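K.L.:
Submitted below is the structure of interest, expressed as structure tokens.
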């Protein structure tokens, strides 16, 4: 049992993806926000945009860095976390819940199976 | 002559510390066949000699201090109050570095913040950066910015935008397969331009206009922003002589999404082309796509107000290939000069500069219009510049005026070769203008 | 009632903003009365109504800017060992010359016959820059190093297209490169391929070979590198790129190390951008202006931006605009002339021997500091350096949790501007030191003493380093809030 919730999958680029009713929720991990430092801005796609697995779908900025956010799966963005505009620090304070970024309707559900489990991800980050 | 400060003893001791006998040994990594080449340069001069040499070369140039200047075309001979030069000449400004260590750069950062504030007010926009290279590259950067925001590529340029600004836009886009459409301009009884809205389509990222345009015409831009926005594109308005903004509605009030200006007329010397400062500002929703350096207000742990470079994550040193632009330097020292100029003039002074520049231009236009063989082509109203139809070629007229020690006209419109673009500022006396008119009247076919 | 005034040390008084100094009706600069008829013909639909500029008298404006200037470090007041920036003395004669009416008060569109002196200054500078770097021609138009890079890469692109080669779209860039390099490549529509450095700080030849093929536009290379090291294999590196049909673009940021020592053209570079505000002493102006001329070899000469200054058979100078293969112009007019005039002044004062003395002294000063500082900071590379070298603060971070950032802030308390920090990216807790040639030995010795003292503080009293600076008008500023909730104007 590690620090990363077991109810979701993880990517090598430090994103998490959690299944919900008819869609998936995407965010970044506790490890990632710690590496980035204080988040100052999150650039997210618009509702209706198509994202592609492995490709950048947004940018996350701290004072000194700006990193791409990589899509864990392909699909259509159906909702975006508007709170992050005023409160980007939610990503630091609560990366797994209030720090969620986008909700996606998946094009190919089997893509999820390729991703890391919580244990595999913990192993990768040495947590 | 050089400015090193090591004594022979210093060198000896330092070589010893480093563990070599001769300084040449420090260059062992340089391939032997390329080492210590002969530089074929003229012999070194002392400070006294180089001062004399450069002064001789400088004296070969006609300066606008000695000859009346009626040349505009993107740079204008306005008066710069003495204090502007002295403020820019303070060594703690001009020998300072980029304010990456804010605790020891509060002078620079606060001045930049003040510059940004004044630019917003002058251009009527929400946010500004700390300057880009010049008015032309500001337009280029604005186009790139509009493409990023709209995720479209096509660009529509008004033909009445300065030809060099348009060339710069083309250069910035040269490496990508982008359609750039320019409205055509024709010279009949007056200057007519193809309608810009007719050139819009749903792949257009932006429309670029100059206000007043390159022929000096103050355009009625009412409705343009709405038409451009209706097609999902952005409106970019560029200003060549921002003293015009003492009289003319600023880009923000015309609905511009991005506004640019050449800062030179705001107190900066002509310097045969630079350095100057490009002003660039936008609506608040586009802030994160604005290139260049930006100074922001904040506090330290004791609650003291201070300023820092902010939003740097967009810039080249962090984003690298994904940066908003490759821009690194800004024109900070010149931006400080512009800040000083606008402060010294204040609103009354700037309005007066604009009123006088305009009045002188109208006086001249009326007089030239009355000369046989000449006609002012720029539709009224114009600000301080207008295009005149001439009986001789541009080159001829300019040359004959040079013989009378008068500087006028620009070589910017080879396609309209019997014209002369004339600009006027508060520095042109009535007597000088009368001399110009008299000189023109003596030229006929 | 709380007082609005505070008693603090001189130089620490908070300075109001211009908007806070403004008083309605304060007298401003006066113009002479209008000597032609008044005109009121700009109709209501174009007329501006409100103009809210501050209203302040001249003395208070002058005081304001004087106070601001006093809050700045500057080369004139402190040592700036900023790696990669070449913060050398800015000679006063440069400033005198820049203010001559024939330099400062000349319009760029004046007829050529009225600006022969200015054109000659540019013509001479084109020639001397080409001679110093071993190339055959130069453009003086780019406004700064980054624009020079853009010019260079657009010329490389034009060169390949002119040969009918449309396959090339990859640019190789060492991982130690300055951020402008990949940003510029991207602006040209190219893909950037990072090339590793080897354990000695050279371009990794094996990796370079692996990435070279006929889709490579070329290599963007700084030599000496941003690590301050002269590449051991420079001739082989450029040869390999040429063999693959690519070109070598030179980033001349470190030219101060090799004036009269070697010519980039001789090492196989095809062009080089030059930072006049670094190597040739023009002032940094708190962040600009600069100038970024580009020297090129005969292959690239046809593609130079326009205009180029030429001389005809009668000895008359002119601006040549009609060059059919030119990449066009990158800015209005012809470049930062007043900066270029300063650069020519500097070069004419030095001559060949003076320029070589510049590089020899710059490299000696750097190696001297390298030896002194390696006693208490880790050196990134155990090699003779060129005009700059890189230290790592990793020992201090490991032993006492003090980071390079803290060390930099503590230097401010000793009246020294910190070196470049956290660049290049490939060195952990990087500290890049470039003393330049204009510093005296006393200044270098003092710097070493201060760094020794700070290193001691790191192990004995780390808190004083971590909470630095202590003696400036402001302490460390909240950059996070500044980025989250930007306040960018009053």
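K.L.:
Quick one: Debye curve from the alpha-carbon atoms of region C:371-490 only, equal weights, vacuum; give me log10 I(q)/I(0) at q = 0.20, 0.21 Å⁻¹ to two decimals.
P.N.:
-1.16, -1.25
K.L.:
Please compute, for the alpha-carbon atoms of region A:9-107, the extent along each of the three principal axes and give them in descending order in Å.
P.N.:
Projected onto the principal axes, the Cα atoms of region A:9-107 cover 34, 27, 20 Å.
K.L.:
At a Förster radius of 45 Å, what calculated FRET efficiency corresponds to the Cβ-Cβ distance of residue C:169 and residue C:313, to the nearest 0.05?
P.N.:
0.60
K.L.:
7 Å from Cα along Cα→Cβ at both residue C:449 and residue A:6: what's the point-to-point distance in nm?
P.N.:
With each label point 7 Å from Cα toward Cβ, the separation is 6.4 nm.
K.L.:
Okay, next question. Roughly what % antiparallel, to the nearest 5, for the DSSP beta bridges in chain B?
P.N.:
55 percent
K.L.:
In percent, how large is the relative contact order of chain C, given Cα pairs closer than 8 Å and 6 or more residues apart?
P.N.:
18 percent
K.L.:
Please give the helix B:332-369 orientation as an angle from the longest Cα principal axis of chain B, in degrees from 0 to 90, rounded to the nearest 10.
P.N.:
Here the helix axis deviates by roughly 30 degrees.
K.L.:
Rounded to the nearest 500 deg cm²/dmol, what is the calculated helix-only ellipticity per residue at 222 nm for chain B, with -39500 (n - 2.57) per DSSP H run of length n ≥ 4?
P.N.:
-10500 deg cm²/dmol
K.L.:
Need one word for chain C: rounded, prolate or oblate. Basis is the Cα gyration tensor (sqrt eigenvalues a ≥ b ≥ c); a/c below 1.5 gives rounded, then a/b vs b/c decides.
P.N.:
Judged from the Cα gyration tensor, chain C comes out oblate (a/c at least 1.5, b/c at or above a/b).
K.L.:
Working out 0.36 nm times the residue gap between residue C:19 and residue C:456, then minus their Cα-Cα distance, what length gain in nm do you get to one decimal?
P.N.:
152.8 nm
K.L.:
How tilted is helix B:8-18 with respect to the longest principal axis of chain B? Cα atoms for both, answer in degrees (0 to 90, nearest 10).
P.N.:
70 degrees
K.L.:
In addition: Among C:249, B:53, A:70, B:94, which comes first, then next, by fewest other beta-carbon atoms within 10 Å?
P.N.:
By the 10 Å Cβ count, ascending, the order reads B:53, A:70, B:94, C:249.
K.L.:
Another question about this same structure. Report, for region B:82-341, the % of DSSP beta bridges that are antiparallel, rounded to 5.
P.N.:
Close to 50 percent.
K.L.:
Using alpha-carbon pairs under 8 Å, 6+ residues apart, how would you state the relative contact order of chain B in percent?
P.N.:
21 percent
K.L.:
Hey, another quick one. At a Förster distance of 22 Å, what's the computed FRET efficiency of residue B:285 paired with residue C:487, Cβ-Cβ distance as r, to 0.05?
P.N.:
The formula returns an efficiency of 0.85 here.
K.L.:
Additional query: May I ask you to derive the FRET efficiency for residue B:126 and residue C:162 from their Cβ-Cβ distance with R0 = 45 Å, giving the value to the nearest 0.05?
P.N.:
The formula returns an efficiency of 0.55 here.
K.L.:
Now for a separate question. With 10 angstrom as the radius, rank C:457, B:153 by how many other C-beta atoms surround their C-beta, starting from the fewest.
P.N.:
By the 10 Å Cβ count, ascending: B:153, C:457.
K.L.:
Here is a follow-up. Out of all DSSP beta bridges in the protein assembly as shown, what portion is antiparallel? Express it as a percent rounded to 5.
P.N.:
So the antiparallel bridges amount to about 70 percent of the total.
K.L.:
Now for a separate question. Apply the a/c threshold of 1.5 to the C-alpha gyration tensor of region C:93-349 and tell me whether it is rounded, prolate or oblate.
P.N.:
Taking the square roots of the gyration eigenvalues as a ≥ b ≥ c, region C:93-349 is prolate.
K.L.:
Moving on. Under a crude label model (7 Å from the Cα following the beta-carbon direction), how far is residue C:428 from residue B:435 in nanometres?
P.N.:
Taking the two extended label points, one gets 7.2 nm.
K.L.:
Continuing with this model, one more query. Would you work out the relative contact order for region C:352-466, in percent, from Cα pairs under 8 angstrom that are 6 or more residues apart?
P.N.:
30 percent
K.L.:
Convex hull over the Cα atoms of chain B, averaged projected area in nm²?
P.N.:
Taking a quarter of the hull surface, the average projection is 28.3 nm².
K.L.:
Let me ask another. Rank-order C:79-88, C:95-104 by packing density, defined as the average count of other C-beta atoms within 10 Å over each peptide's residues, highest first.
P.N.:
Peptide ranking by packing, descending: C:79-88, C:95-104.
K.L.:
Mind checking C:86-93 for the average number of partner chain beta-carbons within 10 Å of each residue's beta-carbon?
P.N.:
The shielding value for this peptide is 3.
K.L.:
Also, I was wondering about something else. When C:444, B:200, C:156 are ordered from fewest to most other Cβ atoms inside 10 Å of their Cβ, what list results?
P.N.:
Ordered by Cβ neighbours within 10 Å, fewest first: B:200, C:444, C:156.
K.L.:
I want to make sure I understand the PRE zone here: with the label point 7 angstrom from the Cα of residue C:136 toward its beta carbon, which residues in region C:212-241 have backbone N atoms less than 15 Å away?
P.N.:
none
K.L.:
Could you work out, for region B:82-341, what percent of all Cα-Cα pairs fall into each 10 Å distance bin, beginning at 0 Å and stopping at the bin that holds the largest distance?
P.N.:
All Cα pairs considered, the percentages come to 7, 31, 35, 19, 6, 1, 0.
K.L.:
A follow-up question, please. How much length would be gained if the chain were fully extended between residue B:56 and residue B:179, taking 0.36 nm per residue of separation minus their Cα-Cα distance, in nm to one decimal?
P.N.:
39.5 nm
K.L.:
Okay, moving on. Report, in deg cm²/dmol and to the nearest 500, the calculated mean residue ellipticity at 222 nm for chain A, where each DSSP H run with n ≥ 4 adds -39500 (n - 2.57) and the sum is divided by the residue count.
P.N.:
-4000 deg cm²/dmol
K.L.:
How far, in degrees from 0 to 90, does helix B:163-173 lean away from the longest principal axis of the Cα atoms of chain B, to the nearest 10?
P.N.:
With rounding to tens, the tilt is 50 degrees.
K.L.:
Now for a separate question. Averaged over peptide B:372-383, how many Cβ atoms belonging to another chain are found within 10 Å of each residue's Cβ?
P.N.:
1
K.L.:
Now for a different question. Which of the three applies to region B:70-170, rounded, prolate or oblate, going by the alpha-carbon gyration tensor with a ≥ b ≥ c and a/c under 1.5 meaning rounded?
P.N.:
oblate
K.L.:
Any chance you could list P(r) for the protein assembly as shown, counting all Cα-Cα pairs in 20 angstrom bins from zero, rounded to whole %?
P.N.:
Result, from short to long distances: 13, 44, 35, 8, 0 percent.
Any read-out appearing in this document is the output of simple, stated calculations on the displayed coordinates, not a laboratory observation. As the structure is a computational prediction, the values presented were derived from the model and not from experiment. Neighbour counts are summed over all protein chains in view; Cβ atoms, including those assigned to glycine, are modelled from backbone coordinates with ideal geometry.
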